[in-house]
Structure formats: C-alpha cells, structure tokens
1. Contour minus end-to-end for VAL5 and SER30, with contour as 0.36 nm per residue of separation and end-to-end as the Cα-Cα distance?
2. With labels modelled as points extended 7 Å from the Cα through the Cβ direction, what inter-label distance (nm, one decimal) is found for ARG53 paired with THR103?
3. Restricting to Cα pairs below 8 Å that are 6+ residues apart, what does the relative contact order work out to for the chain? Please round to a whole percent.
4. Express the carbon and sulfur contribution to the solvent-accessible surface of the range 27-91 as a percent, rounded to the nearest whole number, probe 1.4 angstrom.
5. Where both partners of a DSSP beta bridge lie in the chain, what percent of those bridges are antiparallel, to the nearest 5?
6. Per residue, how many Å² of accessible area does the chain show with a 1.4 Å probe?
7. Out of all Cα-Cα pairs in the chain, roughly what percent, to the nearest whole number, are more than 26 Å apart?
Amino acid sequence: QVQLVESGGGLVQPGGSLRLSCAASGTIFSIGAMGWYRQAPGKERELVADISRSSTTNYADSVKGRFTISRDNAKNTVYLQMNSLKTEDTAVYYCSAYYRYTTYWGQGTLVTVSS
C-alpha cells in the first residue's frame, strides 16, 4: 500500500506562486511515474503534469511555461512549482503515483487564485 499526502495549497493572488509537495509513504520500492491532476468545480479531473522515474516530464498545454514538476526519488516525493498563477488555475490538486500496476491518489489540496 502507498499513502500520498499533499501539502502547499492555499490562497494566492493572480500572478503569484505556490509550491505543492506530495510525499509517498508505506512499504515502497521504486515508485514509477508520479503526477499532479486538478479538478475545478463542475469540471472533470484533468492532468496537469506528470514525471517518470527518470524525470521525463509531460505538461498540459494550459500550464506549459508556468508550472514545473520535479521529484526526489530518495524521498519518494513529487513537487509542483506553480508560477504566474491565473484565476482559472483554481482547483483541488491531486497527487498520483503508479506503483506495482496500481495508481494511488492523495486526498487533494485546494489552490485558490483570487484577488
């Protein structure tokens, strides 16, 4: 079993920055791909960015050039640096991790971008 705990959400003004973290715990050996998804009110969950174990990254077009995903394999942790935030980035952000043919999810952290 893998448990994922996100942190770093909150309220930020448009143009501001936030850094999300997600730490995986449990009996783990070599987690695979990790990623960040988000779900805005009334919308479906969507991929924001993901990163392979070897740090190959993939981004949604809407966040390219503003968000950066990274990971620390020694700490089983994935990060999402979010810059130049827009009101449309407001959503609950979920961490995911792929381990032994199963995708695990965190509980979500709320990011609100508002003036």
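The values are calculated or read from the model by the stated rules, or taken from the named source; none is laboratory data. These numbers come from a predicted model, not from an experiment. Methodologically, a virtual Cβ is constructed for each residue, glycine included, from the backbone with ideal geometry; neighbour enumeration extends over all protein chains shown. Surface accessibility is based on the protein's heavy atoms, side chains included, excluding ligands, DNA and RNA. Shrake-Rupley method; radii C 1.70, N 1.55, O 1.52, S 1.80 Å.
1. 7.2 nm is the gain from fully extending VAL5 to SER30.
2. 1.9 nm
3. Relative contact order comes out at 37 percent.
4. 47 percent
5. 95 percent
6. 54 Å²
7. So the pairs more than 26 Å apart make up 14 percent of the total in the chain.
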